[in-house]
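This report concerns only the one structure given below.
The values are calculated or read from the model by the stated rules, or taken from the named source; none is laboratory data. What you are looking at is a predicted structure, and each value in this text was computed from that prediction instead of being measured. Every residue, glycine among them, receives a Cβ derived from its backbone with ideal geometry; neighbour counts consider all protein chains shown. These area figures cover heavy atoms from the full protein model, side chains too; ligands, DNA and RNA do not enter into them. Shrake-Rupley method; radii C 1.70, N 1.55, O 1.52, S 1.80 Å.
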Amino acid sequence: MTIQTRFAPSPTGYLHVGNIRTALFNYLITKKNGGKFLLRIDDTDIERSTQAFEDEIKWDLEWLGIEWDKTVKQSLRFERYNEVLDKLRKEKKLYPCFETTTELELKRKKLLNMGKPPIYDRSALKIPSNELKLMLSEGKMPHWRFLLTQQKVQWDDAIIGNVSVDLASLSDPVFVKEGGQFLYTIASVCDDIDFQVSHVIRGSDHITNTATQIQLLETLGSSIPAYGHHSLLTGLDGDNLSKRFGSLSLRDLRLSGIEPMALVSLLSTLGSSKPVKIFHTYKEIYDDFNLDSFGATPTKFDPELLHTISTKVLKSTPLGSIKENLLKIGVPKDKIAPFWEMARDSINKREDMIELWDLCENGPKVVASNEDGPFVKTALKLLPLPPYDENTWHSWTEEVSQKTGRKGKALFMPLRLALTGQSIGPDMSKLMPLLQIIPSR
Ligand code: GLU
């Protein structure tokens with residue numbers, strides 16, 4: 001069986017870590033099984049969807065190295081959705097309703113006050129047909145609901161096992177809004193059928209949608225994909241992650257210098273029975289990836305852990321993979337190997353390399369503190385002009401120590417500060433050979 005999956009974001013905002021976890025799970029099972037991965041842009045909400053958000057979504061996926069085989073935009077498929085809606089109308093599976101949002105809200109509140117579940121009462125089905133005809137001929141715009149058959153729907157979920165949802169506990173879903181806007185369920189099911197989606201992996205907030213969708217698929221005589229519902233990510237305090245949406249958008253993570261492979265490594269293991277591990281390639285990840293190692297309980301996402309992993313990923317990046325980056329910031333070809341060897345131990349994100357290379361090329365920006373001024377002056381006089389080698393730091397500090405009697409921190413710290421402008425930083429023995437300028441004596 002060919003695996004066909006899809007990732008279906010709405011271009012109404014930036015992707016966040018929760019969305020990308022869904023994309024990743026679908027992508028990983030696809031790659032593992034040699035299938036096809038579809039990017040579906042769920043843009044039926046024309047007013048809120050923008051091209052700019054769609055571009056951002058694609059950019060985020062590219063940044064993470066998630067490749068898709070085909071893009072589909074729901075806004076280009078309205079004709080097809082109308083065709084399916086007509087079929088449902090003919091079969092009396094779709095019925096027009098005229099309640100306003102306020103009326104529906106009142107009904108809801110009333111039911112809740114009576115301690116009853118707020119399920120739509122289907123009063124639109126009771127409108128006499130002559131009245132209905134009149135309303136439609138007068139141009140009154142209805143919204144359209146799918147008439148659910150009130151029965152239990154069951155499926156064997158790829159993540160949470162056996163699931164059963166009683167459709168009697170749900171309102172008949174609206175498929176088309178009063179203004180004609182197609183809603184998620186109808187568009188999604190049409191697309192899943194037409195693009196032969198075999199596996200739908202998404203968040204557990206979609207469990208009841210799945211029950212409705214299975215019934216719609218059956219009504220339309222289609223086969224049923226395999227479903228898997230992963231847990232939702234929460235903050236460390238168990239709060240819904242979407243409340244912190246801003247700081248955890250992929251765009252922000254990208255701009256803050258997070259390594260893409262760090263995010264991918266964390267999200268592909270977090271919430272599973274496997275320990276969080278650092279991966280460098282997708283193949284390593286999907287070889288080891290199984291949906292059934294994930295559970296239903298909400299999964300805590302710790303941004304600090306992501307930063308720690310990101311630094312580890314960066315430090316363990318092989319020279320070959322970072323070469324382009326180094327050349328771009330101006331490190332000459334013959335220096336990239338020693339520069340990376342020195343830099344990898346002291347940086348947290350790629351951007352830090354810019355400052356470090358600037359130090360090598362132009363010397364420190366900050367002048368060492370005055371209190372050690374005379375000592376530093378004496379020491380610098382003992383330092384020959386560059387170029388240096390990896391023994392320079394050792395031989396120089398030894399000589400300075402002999403001349404001044406200083407040892408340990410009192411010796412090393414002012415010298416590091418004088419040469420780098422920082423009290424912490426890279427291994428000085430590795431840095432010295434790269435220094436092209438030293439402070440004037
Ligand atoms: N656009 C929907 C969402 O982002 C897609 C859900 C689905 O995967 O079916 O929630």
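If the segment from ARG48 to ASP156 were pulled out straight at 0.36 nm per residue, it would be longer than the present Cα-Cα gap by 35.4 nm. Can you pull a Stokes-Einstein diffusion coefficient for the chain at 4 °C (1.567 mPa s), Rh from Kirkwood over Cα pairs, as a whole number of µm²/s? The Stokes-Einstein estimate is 49 µm²/s.
Note on THR317: accessible area approximately 10 square angstrom, rounded to 10, probe 1.4 Å, nucleic acids and ligands left out. Of the residues LYS31, LYS116, LYS93, ranked by 1.4 Å probe accessible area with the largest first, the sequence reads LYS116, LYS31, LYS93. The Rg/Rh ratio for the stretch 356-423, using Cα coordinates for both the radius of gyration and the Kirkwood hydrodynamic radius, is 0.94. Placing +1 on each Lys and Arg Cβ and -1 on each Asp and Glu Cβ, with no other charges, gives the chain a dipole about its Cα centre of roughly 360 debye.
May I ask for the net charge around TYR282, where only other residues with Cβ less than 13 Å from the Cβ of TYR282 are counted and Lys, Arg are +1 while Asp, Glu are -1? Once all neighbours under 13 Å are counted, the net charge is -1.
If you wrap the tightest convex hull around every Cα atom of the stretch 1-77 and split its volume per residue, you get 84 Å³. The stretch 244-351 gives an Rg/Rh value of 1.03, both radii derived from C-alpha positions and Rh following Kirkwood. Between the helical axis of 101-113 and the longest alpha-carbon principal axis of the chain there is an angle of about 90 degrees. For the stretch 8-125, the fraction of C-alpha pairs more than 20 angstrom apart is 62%. Karplus-derived 3J(HN,Hα) values for the stretch 216-228, using 6.51 cos²θ - 1.76 cosθ + 1.60 with θ = phi - 60°, are 5, 4, 5, 4, 8, x, 9, 6, 9, x, 7, 10, x Hz; glycine and proline are entered as x. Basic side chains Lys and Arg get +1 at the Cβ, acidic Asp and Glu get -1 at the Cβ, and with that the dipole of the stretch 317-441 about its Cα centre reaches some 220 debye. For the pair GLU79 and SER440, a Förster radius of 51 Å applied to the C-beta separation gives a FRET efficiency near 0.10, rounded to the nearest 0.05.
LEU255 contributes about 110 Å² of solvent-accessible surface, heavy atoms of the protein only, 1.4 Å probe. DSSP beta bridges in the chain, what fraction antiparallel, as a percent rounded to 5? Of those bridges, close to 50 percent are antiparallel. Accessible surface comparison of GLU54, GLU62, probe 1.4 Å, protein chains only, largest first: the order is GLU62, GLU54. Normalising the Debye intensity of the stretch 99-192 to I(0), with uniform scatterers on Cα atoms only, and taking log10 at q = 0.20 Å⁻¹ returns -1.20. Summed over all non-identical Cα pairs, the Kirkwood treatment of the stretch 307-375 gives a radius of 13.3 Å. The stretch between LEU327 and MET413 holds 27.9 nm of extra length on full extension. This uses 0.36 nm per residue minus the Cα-Cα distance. Taking trypsin sites (Lys or Arg not before Pro) across the stretch 266-348, the ones in a DSSP loop with at most 13 further Cβ atoms lying within 10 angstrom of their Cβ are LYS277. Converting phi to 3J(HN,Hα) with the Karplus coefficients 6.51, -1.76 and 1.60 and the offset θ = phi - 60°, the stretch 267-281 yields 5, 7, 10, 4, x, 9, 7, 9, x, 5, 9, 9, 10, 10, 9 Hz in sequence order, with x at every glycine or proline.
Residues HIS307, HIS206, HIS229, ordered by accessible area of protein heavy atoms at a 1.4 angstrom probe radius and largest first, appear as HIS307, HIS206, HIS229. ASP55: net charge of surrounding residues, Cβ under 14 Å, Lys/Arg +1, Asp/Glu -1, itself excluded? Value of the local net charge: -1. As a fraction of the 1.4 Å probe accessible area of the chain, surface on carbon and sulfur atoms comes out at 52 percent. Taking 0.36 nm per residue of sequence separation and removing the Cα-Cα distance, the GLU103/LYS300 pair yields an extension gain of 67.0 nm. With coordinates expressed along the principal axes, the C-alpha atoms belonging to the stretch 288-435 extend over 67, 34, 24 Å, beginning with the largest. Across the stretch 132-144, computed HN-Hα scalar couplings (Karplus, 6.51 cos²θ - 1.76 cosθ + 1.60, θ = phi - 60°) run 4, 4, 4, 4, 5, 6, 6, x, 5, 8, x, 9, 10 Hz from first to last residue, x flagging Gly and Pro.
As a length-normalised measure over Cα pairs under 8 Å and 6 or more apart, the relative contact order of the stretch 206-321 settles at 31 percent.
For VAL72, the residues whose amide H sits under 5 Å from its own are LEU39, ARG40, ILE41, ignoring neighbours fewer than 5 places away on the same chain, with H placed 1.01 Å from N.
Taken per residue, the accessible surface of the chain reaches 50 Å², heavy atoms only and a 1.4 Å probe. Each principal axis of the Cα cloud of the stretch 156-198 was taken in turn, and the coordinate range along them, longest first, works out to 39, 30, 12 Å. Bridging of LYS381 to lysines at a Cα separation below 25 Å is possible for LYS365, LYS403, LYS407, LYS409, LYS430, once same-chain residues fewer than 8 apart are set aside. The magnitude of the dipole of the stretch 139-273, with charges of +1 and -1 set on the Cβ of Lys/Arg and Asp/Glu and taken from the Cα centre, is near 340 debye. Total lysine pairs in the stretch 209-329 at Cα distances under 21 Å, for residues eight or more apart or on different chains: 13.
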